[in-house]
Every structure is written in structure tokens, then in C-alpha cells.
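The structure appears below as C-alpha cells.
The values are calculated or read from the model by the stated rules, or taken from the named source; none is laboratory data. Just so it is clear, the model here is predicted, and its values are computed rather than measured. Backbone-built Cβ (ideal geometry, glycine too); neighbour counts: all protein chains shown. All accessible areas refer to the heavy atoms of the entire protein, side chains included, with ligands and DNA or RNA removed. Shrake-Rupley method; radii C 1.70, N 1.55, O 1.52, S 1.80 Å.
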Amino acid sequence: MVHKKDSHDEEDIISEEENIAEISDIDLETEDESLTDKIKSLRTKLVASEDERKKSQDDLQRTRADFLSSKRRLEEQLARDKERSTDKILFELLTLIDSFDTAMADKKLWETIDEKWRVGVEAIHTKLLSILKSNNVEQFDPTGQSFNPEEQEAVSSVVVSDEDQIEKVMAVLQKGFKRNETIIRPAKVVVGRLAEVRFVDV
């Protein structure tokens, strides 16, 4: 025979067990929701971190590209400045060459000068031309060639009887100079032309 008290105790135990099970289920559901929220939060942070990393990487690449571009521009500017300085010095040397050319233009008169002094001056002239040549500067004399306004400057003209001499360089007053095939100073020349035709009133 089962006592009522024992039956009541058993019901209480079962009820407590059910309550514990329900509480456990609630705790598990709450824990699952909490974990899900944490995972979502971590994923959001991961995406944000990845975006930040990508942005930082893009900024770094842009900064590096800007630096390399600035460095290249600076190097090009320095090269141009150096080239301009060299051109200026070389251009000043051209006036010395002109002086030598003028002094030695009259061959007969030049040969009457003391030989030792003449040889010394010619050696200096040769040395100057050598310095210019080492910097890719070459003198050119267009005598007899067709007039070329890109390489020559016509400062005068003379009447010619031969049609083949029309628009040809008849004399060079100042030789021209090229550097790396670029004209740094045009030659000053005298060009041949036809005689002017004059009409006489009858």
C-alpha cells in the first residue's frame, strides 16, 4: 500500500525535475541566442576589419605610387636642370670658337704669324672642339647646300647668275652647331637669289 505522503513527494520530485528541464531548455535557448548574437557581432567586426584593411592597403599603394611619381618627376627635373646648365656652358664656349674661326679665317694672314704661337692657338682651338664633341656638340658649315631655315639663318643674300645657286648657301658668316642632332645655334648664312627684274617705261 502506497502512502499518500510518498505519492505526494514523488509528484513534487517529478515536478521539480520538469522545472529543472524547462529551466535548462530556457538556458540553452538563451545561450544559443547569445552565441548567435556574438557570432553575428564577430562577423560584422570581421567585415569592418577587412574593409579597413583594404582601405589601408589602397591608401598605401596610392601613397607609394604618388611617392614614385614624385621621385620620377624630381629626377627628370634634375636631369633637365643639369642639361640646361650644360647647354649654357657649351653655348658660351661657342663664342670662343667663333673668335678662333674669325682669327683664322684669312689663311694667308694667319700663316704669316709666328709658327710657335700659331700652333699653340690652333692646339687650343682643337682642344675646345674636342670638349664640345665629347658633349655631342658638332660644328657644321652648310656652304653650297640648299638653304634650310631649320638649320640656318639667312642674314643676307647675293644675286647669282647660275640658276643652280638660287636658294643655295653662298657664304657662311657664322658656323652652326648641333647637339645630338638638335640645332643649338643655327648657322648665319648668305643665300643666292635671282636678280630683280626691273621694267623700263618706254
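For the range 138-162: of the residues being among the acidic types (Asp, Glu), modelled with pLDDT of 90 or more and not in a strand (DSSP E or B), which is surrounded by the fewest Cβ atoms within 10 Å (Cβ to Cβ)? Step by step, filter the range 138-162, then rank; the result is Glu150. Of the conditions (1) over 31 Å from the mean Cα position of the chain (by Cα); (2) open to solvent by 80 Å² or more (accessible area, probe 1.4 Å); (3) modelled with pLDDT of 85 or more; (4) more than 30 Å from Arg179 (Cβ to Cβ), Ile13 fails just one. Which one is it? Among (1) over 31 Å from the mean Cα position of the chain (by Cα); (2) open to solvent by 80 Å² or more (accessible area, probe 1.4 Å); (3) modelled with pLDDT of 85 or more; (4) more than 30 Å from Arg179 (Cβ to Cβ), the lone unmet condition for Ile13 is (3). In the set (1) over 38 Å from the mean Cα position of the chain (by Cα); (2) open to solvent by 60 Å² or more (accessible area, probe 1.4 Å), Lys175 fails one condition alone, (1). Number of residues in the range 163-172 that are aliphatic (A, V, I, L, M) and surrounded by fewer than 17 Cβ atoms within 10 Å (Cβ to Cβ) equals 2. Within the span defined as the range 70-83, one or more residues are at pLDDT below 85 and closer than 30 Å to Arg179 by Cα.
Taking the conditions (1) over 40 Å from the mean Cα position of the chain (by Cα); (2) exposed (fewer than 11 other Cβ atoms within 10 Å of the Cβ); (3) at pLDDT below 90 in turn, Ile113 satisfies each one other than (2). Within the range 94-120, the set of residues being of a type in the set (A, V, I, L, M) and under 28 Å from Ile183 (Cβ atoms) comprises Leu94, Leu96, Ile97, Ala103, Met104, Ala105. Those residues that are more than 16 Å from Phe140 (Cβ to Cβ) and part of a loop (DSSP other than H, G, I, E, B), I need them from the range 163-183; list them, please. If the condition is that a residue be more than 16 Å from Phe140 (Cβ to Cβ) and part of a loop (DSSP other than H, G, I, E, B), then Ile166, Glu167 are the ones that fit.
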